[in-house]
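Worksheet: one structure, shown below.
The values are calculated or read from the model by the stated rules, or taken from the named source; none is laboratory data. These figures come from a predicted structure and were not determined experimentally. Please note: Cβ atoms are built from the backbone with ideal geometry, for glycine as well, and neighbour counts cover all protein chains shown. Note: accessible area is taken over every heavy atom of the protein model, side chains too, but ligands, DNA and RNA are not part of it. Shrake-Rupley method; radii C 1.70, N 1.55, O 1.52, S 1.80 Å.
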Amino acid sequence: MSIGGSIGMMAMVAAVGADRPVGDIRSTRSVAVGIHGMVATSQPLAVLAGLDILKKGGNAIDAAIAVNAVLGVVEPASCGIGGDLFALVWDAKTKKLHGLNASGRSPYAATRALFEGKGLKFIPERGPLSWSVPGCVDGWEMLRGRFGTMTFEQLLAPAIEAAENGFAVTEVIAGEWRGAESLLSDSPDAARTFLKDGRAPRAGEVFSNLFLARTYRLIADRGRDAFYKGDVARRIVAFSEANGGLFTRRDFEEHASSWIEPVGTNYRGYDVWELPPNGQGIAVLQMLNLLEPFDLKGMGHNSAEHLHLFIEAKKLVYADRARYYADPEVEKGLPIAELISKEYARKRLTLFNPEQAARRVSAGEVSRADTVYLTVVDKDRNVVSLIQSNYFGFGSGLVPGDLGFALQNRGCLFALDANHPNRLEPHKRPFQTIIPAMVTRDGRPWLSFGVMGGDMQPQGHVQVLCNMIDFGMNVQEAGDAARVQHHGSSTPTGEVMTDGGRVTVESGVSDPVVAALRARGHRVSRARSGFGGYQGIRIDWENGVLLGGSEPRKDGCAMGY
């Protein structure tokens, strides 16, 4: 290990404060263990709901839906039925991995001409013009109908109870909620739904959402059609018409999720699986391909050499992301296979300078931010890796009447450039940031994990995987370790702007390492937030045990039985 890496580890120990009597002193808690089943997510009540479903005979898919529904109650800034969903499912019976894209599409009335007529060069990040159809509820039904064993009435019962009877708000979630007070105050419906006496609930206060409980009961009684063809859709469209939105009944009636084939790469003997675009999951595979030729362990964890390589690999991949990632159902012939190939990575590595940060990176030539993550494994070793989001905190900032949830703002991720693959068109899926992941080894699931957090997600996935595979950390330590994030604006043609972007690091990255990165030309600063939220479950087949990790940047936990 390098001197910089050793200093970085000592700094992280100091930042944690407590000294663990056994195991790695850097870890914040013990690895969670279980035999029969395990749930890991960002809020304890949601974890308990999932475990209850498993103990009642439900499988991992059933539990995942119940967990997600509870998260929509207790963590409403980050997720809810006004947002989208993606999932990877390992079916233990067939020993096959399945992918679900439950993201929504733009309204049929959404055209570039409409936005140009309003004098807009970009789609607004908030408000009714940022809406796309919410895909979450249809995603639940797709999962339940294909793999589940329980009814919506059973699966939504824990969430309905929490919404009606109230729950104690946890610390991190309270901070996110408080940061949205001004946004929520601007909309009467949002304010009456999510504020108490004009303010967000504080940590430890009890909050209830009777509006959402009523909407959940409609779904429990009448299924997904209550949302897309019934009273919920009718009221969302009426709200849209009254507030300058573009939704029609057709947008909801014709919504459908898609079962898709996961894509993967092999990293040092581990098969890493992500979902293809319109999400950004293949960015993880591209980054791993760029890192694989290097001896990361020899460089030292979070050493300047290690982090410089990681940051430069990220720049190369995100230039491709800005140029090529779009909805493959509309944009035919996206070069996905080539982008995730080892040969393409070798070509791109010719641009890497080990001594100097790149200031401008173009996309390669080919042939042509608020989210929740959860993972569940059951006694049969069915595995679900699921991520669900409103995009920004409370999405568009608008709540349709008294339905109890915010509508997402994913539509703002479309480009208005007519030549870009991710250009806005009617009934098209926008580029998405949320990505679930799974790792298999010898044909069996080895790790189910995710790292929520917008542009941080692929960067977080890669850092967690390298922590485990290259640096030998366990499933908890891999999430506890200090992270870095590169921030860089990209043009529609996929070029990182000429300042080279900037890098933020956590306190566990040492001052000498920061200085060494700056000497290479990186603009580095320290930050306390923005590094994602990790959850993971590793399957130990030899001992028949589930090993769970849940990081301290969120309120949640991993728990097994």
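Here are the numbers for this structure:
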read-out	value
Local electrostatic count, N353, Cβ distance below 12 Å [Lys/Arg +1, Asp/Glu -1]	+1
Whichever lysines have a C-alpha closer than 22 Å to that of K121, once near sequence neighbours (fewer than 8 apart) are set aside	K428
The range 249-266 - phi-based ³J(HN,Hα) in whole Hz, Karplus 6.51/-1.76/1.60, Gly and Pro as x	4, 4, 4, 7, 5, 9, 5, 8, 7, 9, 7, 10, 7, x, 10, x, 9, 9
All aspartates and glutamates inside 13 Å of K314 as judged from Cα atoms, apart from same-chain residues fewer than 8 positions distant	D455, E495
Listed pairs K229/K554; K332/K554; K56/K95 exceeding 27 Å between Cα atoms	K229/K554; K332/K554
Largest-first principal axis extents, alpha carbons of the range 387-525, Å	49, 43, 33
Rounded FRET efficiency, nearest 0.05, which uses the C-beta distance separating R146 from D231 and R0 of 25 Å	0.45
Gain in span if fully extended, A515 to E425, counting 0.36 nm per residue against the direct Cα distance	27.8 nm
Point-to-point label distance, E164-L48, nm (Cα→Cβ direction, 7 Å offset)	1.8
Net charge of neighbours whose Cβ lies under 14 Å from the Cβ of G58, counting Lys and Arg as +1 and Asp and Glu as -1	-1
Pairwise centroid distance, computed over Cα atoms, of the range 401-430 with the range 52-127, Å	14
Space enclosed by the convex hull of the alpha-carbon atoms of the chain, per residue, Å³	137
Under-5 Å amide H pairs with C557, H placed in peptide plane, nonlocal only	T41, Q43
Solvent-accessible area per residue for the chain (1.4 angstrom probe, square angstrom)	35
Values of log10 I(q)/I(0), in the order q = 0.11, 0.12, 0.14 Å⁻¹, for the range 79-228 under a Debye, Cα-only, solvent-free model	-0.60, -0.71, -0.92
Set of lysines with alpha-carbon distance to K55 below 18 Å, sequence-local pairs under 8 removed	K379
Rounded FRET efficiency, nearest 0.05, which uses the C-beta distance separating K95 from E153 and R0 of 30 Å	0.45
Stokes-Einstein D in µm²/s, Kirkwood radius over Cα pairs - the range 161-260 at 37 °C with 0.692 mPa s viscosity	211
Residues T248 and S30, FRET efficiency given R0 of 51 Å [Cβ-Cβ distance, rounded to 0.05]	0.45
Kirkwood Rh in Å, taken over all unlike Cα pairs in the range 264-408	17.8
Carbon and sulfur %, accessible surface of the chain computed with the full protein complex present, 1.4 Å	51
For the chain, calculated [θ]222 nm from helices alone, where every DSSP H run of n ≥ 4 adds -39500 (n - 2.57)	-10500 deg cm²/dmol
Extent along principal axes [Cα atoms of the range 176-230; Å; largest to smallest]	34, 25, 18
Cα pair distances of the range 177-322 binned at 10 Å [whole percent]	9, 20, 20, 23, 22, 7, 0
Residues of the range 78-114 with amide N under 15 Å of a point placed 7 Å along Cα→Cβ from I260	84-89, 98-106
Charge context of P430, other residues only, Cβ under 9 angstrom, K/R +1, D/E -1	+3
